[in-house]
1. Ranked from the most accessible area to the least, with a 1.4 Å probe and all protein chains present, what is the order of B:Leu35, B:Leu40?
2. Counting partner chain Cβ atoms within 10 Å of every residue's Cβ in B:176-184, what's the average?
3. Can you pick out the pairs among B:Lys137/B:Lys178; A:Lys200/B:Lys137; A:Lys33/A:Lys131; A:Lys77/B:Lys108; A:Lys132/B:Lys131; B:Lys131/B:Lys178 whose Cα atoms lie more than 23 Å from each other?
4. Mind grabbing the accessible area of B:Asp202 for me, 1.4 Å probe, Å², rounded to tens?
5. What does the structure give for A:65-76 when I average, per residue, the other chain Cβ atoms found within 10 Å of the residue Cβ?
6. Near B:Lys108, within a Cβ-to-Cβ distance under 14 Å, what is the net charge of the other residues, with Lys and Arg +1 and Asp and Glu -1?
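The values are calculated or read from the model by the stated rules, or taken from the named source; none is laboratory data. What you see is a predicted model; the values in this text were computed from it and never measured. All Cβ positions, glycine included, derive from the backbone under ideal geometry; neighbour counts span all protein chains shown. Surface areas here come from the heavy atoms of the whole protein model, side chains and all, with no ligands, DNA or RNA. Shrake-Rupley method; radii C 1.70, N 1.55, O 1.52, S 1.80 Å.
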There are 2 protein chains.
Amino acid sequence: MSEQDTKIGEQPSVLEVARKDDGKFVEPLQLGKRLKEIRLANNLTLEEASRLTGLARSTLSKIENEQISPTFQAVQKLTAGLGIDIPQLFVPPQDGPTANGRRDITRKDEGTPHPTTTYEHELLCTQMRDKKMVPFKCTVRARSFDDFEDWVRHEGEEFMLVLAGQVEVYTEFYEPVKLAEGDSIYYDARMGHCLVSVSKDDAQVLWVTSR
Amino acid sequence: MSEQDTKIGEQPSVLEVARKDDGKFVEPLQLGKRLKEIRLANNLTLEEASRLTGLARSTLSKIENEQISPTFQAVQKLTAGLGIDIPQLFVPPQDGPTANGRRDITRKDEGTPHPTTTYEHELLCTQMRDKKMVPFKCTVRARSFDDFEDWVRHEGEEFMLVLAGQVEVYTEFYEPVKLAEGDSIYYDARMGHCLVSVSKDDAQVLWVTSR
DNA sequence: AATTTAAATTTCCTATAGGAAACTTTTGTG
DNA sequence: CACAAAAGTTTCCTATAGGAAATTTAAATT
């Protein structure tokens, strides 16, 4: 190894710089480390990974050792070839036990009941506090549209998936839309919204609201 | 070795090639088009976007016009600077009404496919940008745990509901837990996690990740 | 331990991404 | 319409990513 050639392969890799005058700082990310972990976890040699991705052995090696910053194209090939879950790559380097993780399980029909006049809520995963999302199932009674007086409207966003039956979603600014089992909708919850069952029986939906 | 030697600035851009001998084919993706839409939607000039991202005006222009394939670093700066939801970039070009409205509907089985080796993703509601949550359905193949020893791990939180079949959730720090249809789980996604189907056939789950 | 074989890294070179500035196009404004 | 100002594109150049092959390192096999 040349001793004067401290540029590459030493500490300050290309990936680490990434700060320009007033540009947004981009954290190291250690993409290479991650990729190597993934490759090894899949018991692949560079040669095999090369065949899978279409990138040269040398290139893969350099990426893993953070000697180069791959092009977006290369990243695409990598993720496609190795079957990598994309968000995985954008996670900051995992270090230490990160023990502040928690999990919270709710069995079927064992959520926390929370009835209102219009809906029958079953809150899910209520053990965990300060969640970024609030999931709940909801039985939407078969009823007419004119039962409700005003829009529901609140901060954040909402995702809804129809689990059973058929519902009609009313939102401000749009025409009502019918959703059947398996259909889903995402919307800005600040926009007035409400839900009605249009099947004979009550419909059931899953709702997730963000903060 | 280029048989046609596509010149830059012509039509067949670099992004379009991306096929090497035995490499995985990477679809065009039209990243540039996407980015331009986002920039314009935010009422930004190239100059402003340049300040936000730390990339040169010229570079941004070239990326938008698909004259160059940005490096991963550049993509990071872009997403960080413009506040772009990363998975959105990996979603194939959205066509049609380019809904950037306030609601976004996905009919059953009409989400955007996004297969990986381990999971079969179907992204839901991909028309809307910069969502706080990313919902997708996922077919978990019936397979053994030892096919992947590495955890998935990323920022944010995750909610999962089992739609069909039976799965086993492995997470760091906890014992594996079996979830049947209707069961749900919420967890800190920084904690390593992965999923295995324990039913005969593939299982299906709904996943919602937060940012 | 010595030798072979496989895996990973480095070197050298070509192709191409990124930045600065020149140039062109578009959008105002009198 | 003329002209100015702003936004966008292209050119030219430097820095660096990617590929082929050489080199080094690690893992087997005897």
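1. From most accessible down to least: B:Leu40, B:Leu35.
2. Partner-chain Cβ atoms within 10 Å, mean over residues of B:176-184: 4.
3. On the way: B:Lys137/B:Lys178 19 Å; A:Lys200/B:Lys137 27 Å; A:Lys33/A:Lys131 30 Å; A:Lys77/B:Lys108 29 Å; A:Lys132/B:Lys131 13 Å; B:Lys131/B:Lys178 30 Å.
From B:Lys137/B:Lys178; A:Lys200/B:Lys137; A:Lys33/A:Lys131; A:Lys77/B:Lys108; A:Lys132/B:Lys131; B:Lys131/B:Lys178, over 23 Å: A:Lys200/B:Lys137; A:Lys33/A:Lys131; A:Lys77/B:Lys108; B:Lys131/B:Lys178.
4. Approximately 80 Å² of B:Asp202 is accessible to the 1.4 Å probe.
5. Mean shielding by partner chains, rounded to a whole number: 6.
6. Working: positive: A:Lys178, B:Arg107, B:Lys137; negative: A:Glu181, A:Asp183, B:Asp109, B:Glu110, B:Glu122.
Summing Lys/Arg as +1 and Asp/Glu as -1 gives -2.
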